[in-house]
Amino acid sequence: MKWIKNSILTILLLSSYLLFSYYYFNGWWYSSIGTALILFFSYLLWGKQFRRVTGTKISHTTFHKTVLLTFIVIVASILLIQHIGSRHMAAIMFADCRNYFHDIFYILNEEVILGAIPFYLLVRKWKINSLLATGGLALFFAVAHFAFYRWIFLQRGTLELTTLTTLFLVAFVRNCLIVLNGHIGYSWALHFGWMMVMFGNRLYFVETNTSITEPERFNMFLGSPEMISISLILAVVSFVYLTGRDKRIKKMNI
């Protein structure tokens with residue numbers, strides 16, 4: 001039966017994400033295998049529409065804009081982290097290309113599984129209000145980070161309220177980019193540009209030469225006044241664009 005087939009493919013799709021996205025046993029190449037599997041099972045599930053569902057249907061022009069945006073976000077992230085880190089006597093030790101290769105695909109996997117596909121189902125298929133969907137998933141994103149770092153991940157710690165606020169705002173911006181553009185190009189650029197700098201490199205305290213843990217990185221950088229301010233401005237702009245688009249769509253349907 002079709003529903004049995006689709007259920008099995010959905011399980012394989014989610015398993016591909018969970019098993020082949022993260023840096024298990026120093027397998028820097030795992031995430032690229034995960035991307036291939038995710039796209040393969042997506043094709044089996046949705047056929048020729050799989051690129052639209054996964055948000056990977058991107059034109060040449062959009063691809064070039066994505067590359068440019070990625071470069072801008074990387075440079076801005078380096079400057080921001082260096083600026084914020086200087087207050088805490090923290091510095092960056094840049095890693096080798098294997099970490100960055102891993103980041104390219106693990107973030108791509110997250111954008112597809114946690115971004116494009118949920119929004120395709122919620123907004124396009126089930127017709128849930130786009131603002132409700134973007135806000136709800138952004139809230140889930142922030143709460144999930146708190147829960148995983150508090151009780152599940154190996155590097156455990158408590159994410160502060162300021163950090164969770166920034167996570168919610170950034171997730172809202174990223175969600176709006178997917179809904180407004182119908183692809184994950186720009187959201188991937190924003191996500192990758194920041195994560196490559198904050199997690200793709202070694203961040204350490206200069207005086208002790210000890211590495212900064214993941215929860216400490218979140219609180220130090222995402223919880224900073226600079227990041228809250230930037231995220232809030234981007235979220236407000238995204239909110240205006242999203243509500244404006246929804247109003248235009250309603251007028252067209254009247």
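Observations, loosely collected:
- Filtering the stretch 5-39 to residues that are open to solvent by 70 Å² or more (accessible area, probe 1.4 Å), without any contact (Cβ under 8 Å) to a residue 24 or more places away in the chain and not hydroxyl-bearing (Ser, Thr, Tyr) leaves Lys5, Ile8, Ile11, Leu18, Leu19, Phe25, Asn26.
- Failed condition for His83, given (1) touching a strand residue (DSSP E or B) at 6+ places or on another chain (Cβ under 8 Å); (2) of a type outside the set (A, V, I, L, M); (3) open to solvent by 60 Å² or more (accessible area, probe 1.4 Å): (1)
- Every residue from the stretch 41-60 that is touching a residue at least 60 places away in the same chain (Cβ under 8 Å), buried (at least 19 other Cβ atoms within 10 Å of the Cβ) and in a helix (DSSP H, G or I): Ser42, Val53
- Single unsatisfied condition, Met89 versus (1) at positive phi; (2) surrounded by 15 or more Cβ atoms within 10 Å (Cβ to Cβ): (2)
- Those residues of the stretch 144-160 which are touching a residue at least 12 places away in the same chain (Cβ under 8 Å) and open to solvent by 50 Å² or more (accessible area, probe 1.4 Å), in sequence order: Phe146, Phe153, Gln155, Arg156, Thr158, Glu160
- Residue match in the stretch 124-142 (condition: within 30 Å of Thr208 (Cβ to Cβ), among the β-branched types (Val, Ile, Thr), part of a helix (DSSP H, G or I) and within 16 Å of the chain's Cα centre (by Cα)): no
The values are calculated or read from the model by the stated rules, or taken from the named source; none is laboratory data. Owing to the predicted nature of the structure, the values given are computational and were not obtained by experimental measurement. With ideal geometry, Cβ positions are generated from the backbone for all residues, glycine too; neighbour counts draw on all protein chains shown. Only protein heavy atoms, including side chains, enter the accessible area calculation; ligands, DNA and RNA are left aside. Shrake-Rupley method; radii C 1.70, N 1.55, O 1.52, S 1.80 Å.
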